[in-house]
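Read through the structure below, which is laid out as structure tokens, and then see the notes.
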Amino acid sequence: MTETTGKLAQPSLTLVSGAEAVAVGGSVNDTIIITGDHNTISLTRRGVFAFQMLSDDFRRRQTNAPGAPFYDGASPNWANIARDDDAPRTLFDDVWKFTRDQSLPYQLAVILGAAGEGKTTLLRRLAWQLAEQGAPVFVRHAEHLVPSTKITLEAEKPLVFIFDDADQEEQLPALARELTDAGIRFTILMASRLHEWQNASLEGSLKRLGAFRKFALQRLQRDEVEALLNRLERAGKLDALQGLPRPHQVAHFLDRLKADGQLLPALLTARYGVEQFEAILESVFEKVRRRPDGEFLLRGYAALASVHRYGLWLKRSLLARALEIEPSALSVRLIGPLTGELIEVQESGDERLATRHPVIAEHAMHLLESRRWAPEAMYLYEKLFAALGEHLRRFPQDSQKKLLTLLPLRFQRQGQFERARQLFEQGTRADPTNAPTYQAWALMEQKSGNLERALKVDAAAFGPDHPKVAIRVNNLGLVLRALGDLAGARAAFERALKVDEAAFGPDHPKVATDVNNLTDVNNLGGVLQALGDLAGARAAFERALHIFKKFLPPDHPHIKIVERNLAGLARLPKS
């Protein structure tokens, strides 16, 4: 192996690939980046990524490479980008301006939008333009790569890292921290569906590391539609829109009952026509059904589409287990037969399986269920979660565990609470130890007003005497008190108080303070007062005051509340 010499602060740093690795920023032992076999980059062994570097040689090859059938709804590959064969978006200018700001050493940005809006294409366009201007651009890659033989990095140009589906990258903050600690200037550009990004909980960590921006990729605007129509016309791909007046063509892209400003449906329906799009899907399914293994093909596709329509994916081994076949048989029985179809199955290098596109998967699932050509989604989820439970017993930390929480949350966001509840139940059966599933379920029940059900979920997850359950019990007590069920509220507060005392000790602030900025004993005092137990109420208020004065400043609102309660009691006639 040939190691680099010098530091990144020098005018340039040449990396020479050896048999195993290329090192950046020092020796192999203390390197910030090691590019190993197949361009695997690991950061001080804390996380492993694979990147494709958009080198001059790579870009030259793509200029002559075959493009993807972009106007048939496929994501543009690098050859499309090289030939400017993609959908121009006005958001590009805003993100480009952000990347060109060289005043800060570290920059991070995420492009958020719905499936089919062109996030991946926009991200690739940005990566390509940055590489064309000489920036060292590394694109997250999951497939087999051939290592570059020589790379030169110039110190004045920040490293640029590109991440599509950034919500799946749990090690992103670790990457940014390692680069920051080493003093290496960098820009990280990401893309994600909005809900997936919110669930990933990465934003807080990344914000603390540098200048962080969020860019929202909205539906197509009129000027974007005009530019896209011009491009379709030059490419001879207007098809169903050919011969229509330009205002009618624009209306096709923007009309709520047609494409509704969504990029992928706009392209597909422009290519085939609004009415024909689902008819084309139906004809594909009819053709597949007539094959000797047709029922299995539709069931296998539906199992994958039921997940990918939400932007999620399945491992090869998990899908095979759900279909009750060997993983090695998937290529012959499912992936191969559907290759080239509108409903094809695609596989990345780390065995992630997905359909051609989430938007197509959504249409397909609706069609399959309405025609009863494949099992209903809830049955598919039941089979999938059962397979996942078996898988997790062997590999308890597998990343596919997230499906147990993410899938029910998709239905919750659509307002389908009963379906979400069914999936939460199946998820907790599949892995009774997965706390995030219980927590998401309990939170859904609490937001829906089902506090008693939320309490049962928490108790099942943590045990009846856990402090987290005590918080939920307190919430229930507040609701019961508001509803006038004072006896029920008293029982709830006493139960929460007992749990907190056992967990934290009698004089701990947690004993006195619940999530509503009131106190267990203060709540209890209010209930006792309402029940006519003035002596008990006075004892509860005095205890709350004792604890608060021990842990809080004299002018704290909690102290004033309890003092007012005691003063009010003193004015009442003694019973």
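At a glance:
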item	result
Relative contact order computed over region 276-398 (Cα-Cα under 8 Å; 6+ residues apart), in percent	31 percent
5 angstrom amide H check on MET53, placed H, neighbours 5+ away	VAL139
Amide H partners (placed H, <5 Å) of ASP255, local residues excluded	ASP260, GLY261
Fully extended contour minus Cα-Cα distance, from ARG61 to ALA227, at 0.36 nm per residue	57.0 nm
Derived scalar couplings ³J(HN,Hα) [region 263-271; Karplus, 6.51 cos²θ - 1.76 cosθ + 1.60; whole Hz; x for Gly, Pro]	4, 5, x, 4, 5, 5, 6, 5, 6
Exceeding the 22 Å Cα-Cα cut-off - candidates LYS315/LYS402; LYS315/LYS401; LYS214/LYS315; LYS214/LYS237	LYS214/LYS315; LYS214/LYS237
Karplus 3J(HN,Hα) series, Hz, for region 328-341 with 6.51 cos²θ - 1.76 cosθ + 1.60 (x for Gly, Pro)	5, 7, 4, 4, 6, 8, 10, 5, x, x, 9, 5, x, 7
Computed label-point distance, nm, for sites ASP398 and SER370 using a 7 Å Cα→Cβ extension	3.4 nm
Phi to ³J(HN,Hα) by Karplus 6.51 cos²θ - 1.76 cosθ + 1.60 over region 357-370, Hz, x for Gly, Pro	6, x, 5, 5, 4, 5, 4, 5, 4, 4, 5, 4, 5, 5
Inter-site label distance for GLU542 and GLU278 at 7 Å from Cα along Cβ, in nm	7.2 nm
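Taken together, the values in this text are just the output of simple stated rules run on the coordinates, not laboratory data. Everything numeric here is computed off the predicted structure, so don't read it as measured data. Positions of Cβ are backbone-derived with ideal geometry, glycine not excepted, and every protein chain shown enters the neighbour counts.
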